[in-house]
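One structure below.
The values are calculated or read from the model by the stated rules, or taken from the named source; none is laboratory data. Fair warning: this is a prediction, and the values are worked out from it, not measured in the lab. When we count neighbours, we look across all protein chains shown, and the Cβ atoms used for this are built from the backbone with ideal geometry, even at glycine. What goes into the accessible areas is simple: the full protein's heavy atoms, side chains included, and nothing from ligands, DNA or RNA. Shrake-Rupley method; radii C 1.70, N 1.55, O 1.52, S 1.80 Å.
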Amino acid sequence: MDRAVTPDWRKPVGMLAILALILVWCVAIASLSATVGGWHGLAQLAFYVVAGIVWIAPLKPLLRWMETGRWR
């Protein structure tokens with residue numbers, strides 16, 4: 001049984017939301033570079049490692065919504 005697959009609007013919207021999240025996060029972190037640049041090297045390393053990982057947290061519910069249409 002062939003079932004016609006209709007395009008789902010959630011995937012392109014979710015993709016644009018992910019790109020917007022990355023853009024906003026990069027601008028926010030880059031705007032702190034003058035302040036962070038004055039810190040000790042290990043503190044800078046810790047900051048950028050944490051900042052590089054934290055942005056991933058909102059992706060799980062967004063990806064779930066893109067696939068199922070539900071947030072939870």
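A few comments on the model shown:
- Of the chymotrypsin sites (Phe, Trp or Tyr not before Pro) found in the chain, the ones in coil according to DSSP and having at most 11 other Cβ atoms within 10 Å of their Cβ are Trp9, Trp71.
- Between Val27 and Ala46, the modelled label-to-label distance comes to 3.0 nm, taking each label 7 Å out from Cα in the direction of the beta carbon.
- Note on the chain: with a GNM built from Cα contacts shorter than 10 Å, the maximum mean-square fluctuation among Ile53, Ile29, Ile18 falls on Ile53.
- Trp55 versus Val13: modelled label distance in nm, points set 7 Å from Cα along the beta carbon direction: 2.4
- Length, then width, then depth: along the principal axes, the Cα atoms of the chain run 64, 18, 18 Å.
- Counting protein heavy atoms only, the chain has 72 percent of its accessible area on carbon and sulfur, 1.4 angstrom probe.
- Residues of the chain: accessible area per residue with a 1.4 Å probe, Å²: 81
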